[in-house]
Amino acid sequence: MGRTPKSKRDPYGAWLHHLRMERDLTQSELSELTGIPQRNIAYWERSGKLKGRAEILRLAEALKVPVQGLLRVEKK
């Protein structure tokens, strides 16, 4: 079922993967919704290194979560 990952998924990358799976989306489908290349989404899910304000906003909108929820920011 695909290749074996070289390393464990980063905790934030796992969170991004979880949000995508909750919406029952493939990486390709999320890519089409956001205009972000699928390889970037795959990299973010592996590494947890999400960058770019515009990309964060598009991901949050496509995944139907607030930006704080996407970034796992807790309110004080």
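The values are calculated or read from the model by the stated rules, or taken from the named source; none is laboratory data. This is a predicted model, so every value here is computed, not measured. FYI the Cβ positions are ideal-geometry reconstructions off the backbone, even for glycines, and counts take in every protein chain you see. Remember, those area values only see protein heavy atoms, side chains included, never the ligands or the DNA or RNA. Shrake-Rupley method; radii C 1.70, N 1.55, O 1.52, S 1.80 Å.
The set of residues in the range 44-66 being within 14 Å of Leu33 (Cα to Cα) and of a type in the set (Lys, Arg) consists of Arg58, Lys64. The set of residues in the range 24-43 that are in contact (Cβ under 8 Å) with a residue 12 or more places away in the chain, closer than 17 Å to Leu71 by Cα and open to solvent by 30 Å² or more (accessible area, probe 1.4 Å) contains only Asn40. On inspection, Ser28 fails the criterion of being modelled with pLDDT under 95 and hydroxyl-bearing (Ser, Thr, Tyr). Taking the range 44-73, which residues are among the acidic types (Asp, Glu) and crowded, with 18+ Cβ neighbours inside 10 Å? Within the range 44-73, just Glu45 meets the criteria.
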